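Participant: Got a structure for you, written out below as structure tokens; questions coming shortly.
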Amino acid sequence: MAKNIIEKIWNQHIVYEEQGKPDLLYIDLHLLHEVTSPQAFEGLRLANRTVRRPDLCFATMDHNVPTRNRDEIKDPIARKQINTLQTNCDEFGVPLANMDHPDQGIVHIIGPELGLTQPGKTIVCGDSHTSTHGAFGAIAFGIGTSEVEHVLSTQTLWQSKPKTMEIRINGKLGFGVTAKDVILAIIAKFGIDMGTGHIVEFTGEAIRNLTMEERMTVCNMSIEAGAKAGLISPDATTVAYLKGRRYVPEGQEFEKAAAHWLSLASDKDATYDTMLEMNTDEIEPFVTWGTNPSMGSGISASVPYAKDFESESDKDALKQALAYMGLEEGAPLKSIDIQHVFIGSCTNARLSDLRAAAKVIAGKKVHPSVTAIVVPGSRTVKKQAEDEGLDSVFLEAGFEWRESGCSMCLAMNDDVVPAGERCASTSNRNFEGRQGAGARTHLVSPAMAAASAIAGHFVDVRELEAVHS
Amino acid sequence: MEPINEVVSVITPLDRKNVDTDQIISKEFLKRIERTGFGKYLFYHWRHNADGSEVQDFVLNDERFKGSKILVAQENFGCGSSREHAPWSILDYGFNVVIAPSYADIFYNNCMKNGLLPIKLTMSEVEELLANGQKDPYTVEVNLVEQTVTGQDGKSYSFEIDPYYKEMLLNGWDEISLTFQYEEQIANYEKQHQHT
Ligand code: SF4
């Protein structure tokens, strides 16, 4: 019977199944970071347990790390968390790319970069954006700290079989429309809880044409649609990306692995519990105006009116969001002034993202009322960008060029947007207070963020000459 | 974790949908390395003004609901981040039960691992509870064995829960100890998949 990739990978990982119970699922790769792991290691210690397969774990420090001066962590509790991860990894033998390690970076950026992330794997991390790794055709999902502890001690998880969903994006992406706009448009159209209980496979011409880095942007935000995980069937693009990466097999072994990976792609007649569809002509460069990722519109639109919504609870949600965001109903998105620009996060801080932003700002200056920072997703990305001179493009335009980490995506370090100020951000969450208490976040693509840094307000990146050349 | 079965309490009506875990527990409080002590930070920015004073009309600051063990909210409760600090803070604050029409998946799982009972009722049932709870303090009795929620006026609702999780909550089981009983199966799986 024809199977989709989700069923194939799931079935290959069942350690034990019994009617009326969730499946006991084997986990191939466990990624860890400093914020959601301390209580899990502590649990092991208290119960006198060990890490079953340290060789299948990989840890890094990203959420708390300073992006300016690495040696100075002002917050003593953050420092404690970072030191705790070091101690835990030393004690339990877990491989760690700590702050000084050349491989350090945001956990979801370095997994793929190092080739740890591979098709067909089950991948977990105490972090909801673990869905990023699904871009390779892996089942990758975020877990809580108790589950982190469970995976550390058993290398398995009890999981009820999720429903499957196909989201098909038909057609070619229009000029100036990016992967970020695709996923924002999907969430705006179908809602932030459309994926609850499901693993989503993204399919269709527009998805097939994306590069691996773009696919990661789409899968990264599948959690913002409520999905347990999002993934894309592996193809030649996936195989080519992985070839030569550190943790990927070489020579004949690689050929064997590649053949296995390709065999995981959904069968032609595979079916899903739910099927959604969207055409690319519905998608233009996106800006969010509200306090969850579904509250966004194409750049040519305006903030909606309460009267556009039917239910009372939707009207209320709009009013609450606009009150927090300091916006009026009906305000054109292009009229919104911004004070901060953040190019970073596991959604959009890979090399291609930095290139896209650099292209827009080359030879221009950041608007005088805007503070703009670039935080590369990993030390590797930072080095690659410097090797091709992108750092000077940003610095000359007036951007700050930082060390890698999560930074202003959740503002757990010193990179905070002040209350009442607005930030055009390439990250993934615009929840209240996400970038600082009272901060107002607008989610956009790297090119849109760059363009608004220059203009001081949102603009349609398609109208800029730099983009056409 | 603590076993849970019957809980009798006034409900706290939090009439919002898509309550995300960033609101439940804001990131500046995630830096502790313990599981305890998060209760005072629950909904911190909804409970407090910028100057630290209490927001008068926020439901958790309403005297009538002090000591409540049951939080009732609208759909898609607990969306966003995977932080288990969210159920930790809800429990530590004093709630043992959440009632909503739907939950985000990770949050729902996290509740189960900590002995916080997430009950799903239908949208209209939740609206009825919220309306009752907003009018006057409204007491309900939750019974996990029976899978029922019964209001002070005798109005009763039943809910579904996965039998596996039900057992775990009722007994306060530690899931890791349970899984150790499958050591042989795990070892076999590893033998058959040595390439990974
Ligand atoms: S960059 Fe943001 S979303 Fe990604 S892992 Fe870090 S905090 Fe989470």
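Let's see how each residue does on (1) open to solvent by less than 30 Å² (accessible area, probe 1.4 Å); (2) more than 18 Å from A:Thr217 (Cα to Cα); (3) in a helix (DSSP H, G or I); (4) away from the ligand (no atom under 16 Å from the Cβ):
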| position | (1), (2), (3), (4) |
| --- | --- |
| A:Glu396 | no, yes, yes, yes |
| A:Gly436 | yes, yes, no, no |
| A:Ala447 | yes, no, yes, yes |
| A:Ser452 | yes, yes, yes, yes |
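Participant: Here is a further query. From the list B:Thr36, B:Thr21, which residue is open to solvent by 50 Å² or more (accessible area, probe 1.4 Å) and β-branched (Val, Ile, Thr)? Spell out how you get there, then give the answer.
Facilitator: Numbers: B:Thr21 fails: open to solvent by 50 Å² or more (accessible area, probe 1.4 Å).
Selected residue: B:Thr36, the only one of B:Thr36, B:Thr21 that is open to solvent by 50 Å² or more (accessible area, probe 1.4 Å) and β-branched (Val, Ile, Thr).
Participant: Here is a list: A:Ile143, A:Ile77. Which entry is without any contact (Cβ under 8 Å) to a residue 12 or more places away in the chain, among the aliphatic types (A, V, I, L, M) and within 14 Å of chain B (Cβ to nearest Cβ)?
Facilitator: Every option except A:Ile77 fails the conditions.
Participant: Take residues that are under 30 Å from A:Ala323 (Cβ atoms) and tell me which of the strands (runs of 3 or more DSSP E) falling wholly in the range A:221-290 contain 3 or more. Can you show your working first?
Facilitator: Numbers: elements: A:229-231, A:274-279, A:286-288.
Passing ranges, in order: A:286-288.
Participant: Pick from B:Leu91, B:Leu71: which is more than 7 Å from chain A (Cβ to nearest Cβ) and part of a strand (DSSP E or B)?
Facilitator: Details: B:Leu91 fails: part of a strand (DSSP E or B).
One residue alone meets the criteria, B:Leu71.
Participant: Still on this model: Among A:Ala225, A:Ala259, A:Ala229, A:Ala240, which is farther than 16 Å from A:Trp10 by Cα and surrounded by 24 or more Cβ atoms within 10 Å (Cβ to Cβ)? Break it down into steps so the answer makes sense when it comes.
Facilitator: Details: A:Ala259 fails: surrounded by 24 or more Cβ atoms within 10 Å (Cβ to Cβ); A:Ala229 fails: farther than 16 Å from A:Trp10 by Cα; A:Ala240 fails: surrounded by 24 or more Cβ atoms within 10 Å (Cβ to Cβ).
Step by step, each of A:Ala225, A:Ala259, A:Ala229, A:Ala240 is checked, and only A:Ala225 is farther than 16 Å from A:Trp10 by Cα and surrounded by 24 or more Cβ atoms within 10 Å (Cβ to Cβ).
Participant: Sticking with this one: How many residues are facing another protein chain (nearest Cβ under 9 Å) and either closer than 20 Å to A:Glu17 by Cα or not in a strand (DSSP E or B) (or both) if we restrict to the range A:124-140? So that I can check it myself, show each step before the final result.
Facilitator: Residues of the range A:124-140 that are facing another protein chain (nearest Cβ under 9 Å), as a first pass: A:125-130.
Subsequent filtering for residues that are either closer than 20 Å to A:Glu17 by Cα or not in a strand (DSSP E or B) (or both) retains A:126-130.
Within the range A:124-140, residues that are facing another protein chain (nearest Cβ under 9 Å) and either closer than 20 Å to A:Glu17 by Cα or not in a strand (DSSP E or B) (or both) number 5.
Participant: If A:Ser378 satisfies every condition in (1) surrounded by 21 or more Cβ atoms within 10 Å (Cβ to Cβ); (2) without any contact (Cβ under 8 Å) to a residue 60 or more places away in the chain; (3) of a type in the set (S, T, N, Q) but one, which is the exception?
Facilitator: All conditions are met except number (2).
Participant: Report whether or not A:Arg350 is within 16 Å of the ligand (Cβ to nearest atom) and of a type in the set (Lys, Arg). Step through it out loud before you land on a result.
Facilitator: Working: within 16 Å of the ligand (Cβ to nearest atom): yes; of a type in the set (Lys, Arg): yes.
Considered against the rule, which asks whether it is within 16 Å of the ligand (Cβ to nearest atom) and of a type in the set (Lys, Arg), A:Arg350 comes out as yes.
Conditions tested, residue by residue: (1) away from the ligand (no atom under 14 Å from the Cβ); (2) open to solvent by less than 10 Å² (accessible area, probe 1.4 Å); (3) in contact with a Pro (Cβ under 9 Å, 6 or more places away or on another chain).
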site	(1), (2), (3)
A:Pro54	yes, no, yes
A:Met61	no, yes, no
A:Cys89	yes, yes, yes
A:Leu96	yes, no, no
A:His101	yes, no, no
A:Cys125	no, yes, no
A:Thr132	no, yes, yes
A:Gly137	yes, yes, yes
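Participant: Is it fair to say A:Ile143 is more than 16 Å from the ligand (Cβ to nearest atom) and buried (at least 24 other Cβ atoms within 10 Å of the Cβ)?
Facilitator: Numbers: more than 16 Å from the ligand (Cβ to nearest atom): no; buried (at least 24 other Cβ atoms within 10 Å of the Cβ): yes.
Taking the combined requirement at face value, the residue does not satisfy it.
The values are calculated or read from the model by the stated rules, or taken from the named source; none is laboratory data. Values in this document were obtained by computation on a predicted structure and should not be read as measured data. Note that we place each Cβ from the backbone using ideal geometry, even for glycine, and neighbour counts take in every protein chain shown. Keep in mind that these areas ignore ligands, DNA and RNA; they rest on the heavy atoms of the full protein, side chains included. Shrake-Rupley method; radii C 1.70, N 1.55, O 1.52, S 1.80 Å.
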